[in-house]
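Student: Please see the structure below; I have some questions.
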Amino acid sequence: MRRLFLALSLLALAACATTPPPEPEPKPEPASAPRAEAPKPPEEPDAWRTQMPAAGKPPSLVLPTFEEAKLDNGLTVIVNSRRELPLVYVGVAFANGSAQDPSGQGGLADLTYKMLLEGAGGKDTIALDNAFADLGVSPTVSVQPDGALIGVRVLTRNADPALALLSDVARKPTFAQKDFDRRKKQQLADLVRRMGIPWVLAQQAYLETVFGAAHPYGHTSSGVPTSVEKLSLKDAKRFYQKNVGPKAAALVVVGDVTRQQAVDWAKKYFGDWKGEAALPAAPAAPASPPRDTLYVVYKPGLEQTVVMTGRPGVALGHPDEYALDLATTVFGGFFGSRLNMNLREAKGYTYGAGASSDARFGVGPLTAFSQVRADVTGPAVTEFVRELTDLKSRPITSKELESAREGLIRSFPGFFETVEGVGASAATIFQKRRPMDEFSRQIAGLEKTTPAEVQRVAEAYLNPASMQLILVGDPGIIQQQVGPLNLGKLTQVDVSGAAMAAPGKAGKR
């Protein structure tokens, strides 16, 4: 029995030893981790500089709106309302300017209009100045070929007393002899100082060369010492009587004011103004002959030479006005212009070069200019001529044209930043007989002008053969470097533009 039990036990043990243990359940494989991306190479710190930032959306162009009224005595009233601040600009614009200076009396208009602030309405110079000062203002006067402007910017609450003073200034000037003598002496002293400025000498010689000394635009508004020295109080009174009156003047009111308020002020302070002065006619268009002479003002020892070249351009309203503005801007009217990029950036001859088309009531000047190192006077003049010539052989590109167009249009708001700026713009509209929407017309004209029109006027007006040339600089350098260029006979002129050798157009009076 025990053996059987032992045998069964052994069998059981054997069975246990030979039977494989059950396989464990497989463990789930762990989820595989995502593969790490290869690290990006570090960016260059200045990589952003390789792409020009996109321009933001330009703000909308807002132009001033002018309204016009006329009094029974012929006085024009021009109003622009801008009510953001309690400020008003009030001014009297005169249509007769230095273009109405009699022959040989350059500077008379300038001296006469400045005399209006030397006492008026029973107040002497000091009392009048104090009366303006009591209002917190100081009147300004500016005289240009096409007119003059006297005005002040005041708080709205002071507009009435300011207009009372301006009315006296325009209508009842004192014209005392002692005040005239003092003002004339000041003007002469200032002119003597200006005679040492090469730019002033160049401008005087340039205007006489381009227009002729007898032309209304043939002299600077301030005159020259020889012309101002001869002026008398009688001359100033005669100029005032002939050129100042309601039919040749406008009251300009800009700012915190309505049209009706401005008209009421005009009637109150200027409604009984009388005078026979009339609006002037536009000066005759000057001739534009080919260049055969180079006019020079010799200033020994100058380290720089003033180069000025130009011809008569166009009057405001001429069909070529906007195309010429654009062509002149491409040529020299902004930093990226052809002339400046050549003379300044490529050659290093100058700090800057420019060009402008000054359309006036009559035909105005078309001018290019720079002040170059004296030692490169000849090469600089050569580059002036080359750039003018290249306008035909290397036509204006669409990129150049659009840059000029954009620059001109976007510059307009700068003229209207202040009530004084808007007032000056209104005065220009009156003096140059332009419509009240003149600035909108200018924008439209610049936008619509075609590339073909711009190229046509560039070749017609900026032809180097018809551009007169004026230099101010050291005589030895000019004769040595410019003489051999065969651009015309070198002819010396004095500071008033009168020819001293081989007389040409300049200096003929």
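The values are calculated or read from the model by the stated rules, or taken from the named source; none is laboratory data. Computed from a prediction, not measured in an experiment: that's the story for all the values here. Every residue, glycine among them, receives a Cβ derived from its backbone with ideal geometry; neighbour counts consider all protein chains shown. Just the protein is used for accessible areas: all its heavy atoms, side chains included, with ligands, DNA and RNA removed. Shrake-Rupley method; radii C 1.70, N 1.55, O 1.52, S 1.80 Å.
Student: For the structure I just gave you, tell me whether residue 200 is touching a residue at least 24 places away in the same chain (Cβ under 8 Å) and not polar (S, T, N, Q).
Tutor: In short, no.
Student: Given the criterion open to solvent by 90 Å² or more (accessible area, probe 1.4 Å), of a type in the set (D, E, K, R) and modelled with pLDDT of 90 or more, identify the matching residue among 43, 84, 67. Show your work before the answer.
Tutor: Working: 43 fails: modelled with pLDDT of 90 or more; 67 fails: open to solvent by 90 Å² or more (accessible area, probe 1.4 Å).
On inspection, the qualifying residue turns out to be 84.
Student: Also, I was wondering about something else. From the residues in region 196-219 that are hydrophobic (A, V, I, L, M, F, W, C) and over 24 Å from the mean Cα position of the chain (by Cα), which one is farthest from residue 294 (Cα to Cα)?
Tutor: Applying the filter and picking the extreme gives 214.
Student: Next question. Residues that are open to solvent by 20 Å² or more (accessible area, probe 1.4 Å), aromatic (Phe, Trp, Tyr) and in a helix (DSSP H, G or I): does region 434-445 have at least one? First the steps, then the outcome.
Tutor: From region 434-445, those open to solvent by 20 Å² or more (accessible area, probe 1.4 Å) are 434-437, 439-442, 444; that's our starting set.
If we keep only those that are aromatic (Phe, Trp, Tyr) too, we end up with 439.
Within this subset, residues satisfying the condition of being in a helix (DSSP H, G or I) are 439.
Among the residues of region 434-445, at least one is open to solvent by 20 Å² or more (accessible area, probe 1.4 Å), aromatic (Phe, Trp, Tyr) and in a helix (DSSP H, G or I), which makes the answer yes.
To keep it simple, each residue is scored yes or no on (1) at pLDDT below 95; (2) open to solvent by 60 Å² or more (accessible area, probe 1.4 Å).
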| site | (1), (2) |
| --- | --- |
| 230 | no, yes |
| 252 | no, no |
| 261 | no, yes |
| 276 | yes, yes |
| 279 | no, yes |
| 282 | no, no |
| 304 | no, yes |
| 315 | no, no |
| 327 | no, no |
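Student: Could you tell me whether residue 156 is within 20 Å of residue 182 (Cβ to Cβ), of a type in the set (Ser, Thr, Tyr) and open to solvent by 20 Å² or more (accessible area, probe 1.4 Å)?
Tutor: Spelling it out, it is not the case that residue 156 is within 20 Å of residue 182 (Cβ to Cβ), of a type in the set (Ser, Thr, Tyr) and open to solvent by 20 Å² or more (accessible area, probe 1.4 Å).
Student: Answer with yes or no whether residue 138 is surrounded by 11 or more Cβ atoms within 10 Å (Cβ to Cβ), on the phi < 0 side of the Ramachandran plot and not in a strand (DSSP E or B).
Tutor: Here the answer is yes, as residue 138 does meet what is asked.
Student: Here are the criteria: (1) crowded, with 17+ Cβ neighbours inside 10 Å; (2) in a loop (DSSP other than H, G, I, E, B). Tell me which single one residue 395 does not satisfy.
Tutor: (1)
Student: Got a sec? Which strands (runs of 3 or more DSSP E) wholly within region 219-335 have at least 3 residues that are within 29 Å of residue 195 (Cα to Cα)?
Tutor: By residue number, 293-298, 304-312.
Student: Just one of (1) in contact (Cβ under 8 Å) with a residue 12 or more places away in the chain; (2) of a type outside the set (Val, Ile, Thr); (3) more than 30 Å from residue 80 (Cβ to Cβ) trips up residue 255, so point out which.
Tutor: Unmet for residue 255, out of (1) in contact (Cβ under 8 Å) with a residue 12 or more places away in the chain; (2) of a type outside the set (Val, Ile, Thr); (3) more than 30 Å from residue 80 (Cβ to Cβ): (3).
Student: Can you tell me which of (1) open to solvent by less than 20 Å² (accessible area, probe 1.4 Å); (2) in contact with a helix residue (DSSP H, G or I) (Cβ under 9 Å, 6 or more places away or on another chain); (3) more than 21 Å from residue 324 (Cβ to Cβ) is the one residue 423 doesn't meet?
Tutor: Against the list (1) open to solvent by less than 20 Å² (accessible area, probe 1.4 Å); (2) in contact with a helix residue (DSSP H, G or I) (Cβ under 9 Å, 6 or more places away or on another chain); (3) more than 21 Å from residue 324 (Cβ to Cβ), residue 423 comes up short only on (2).
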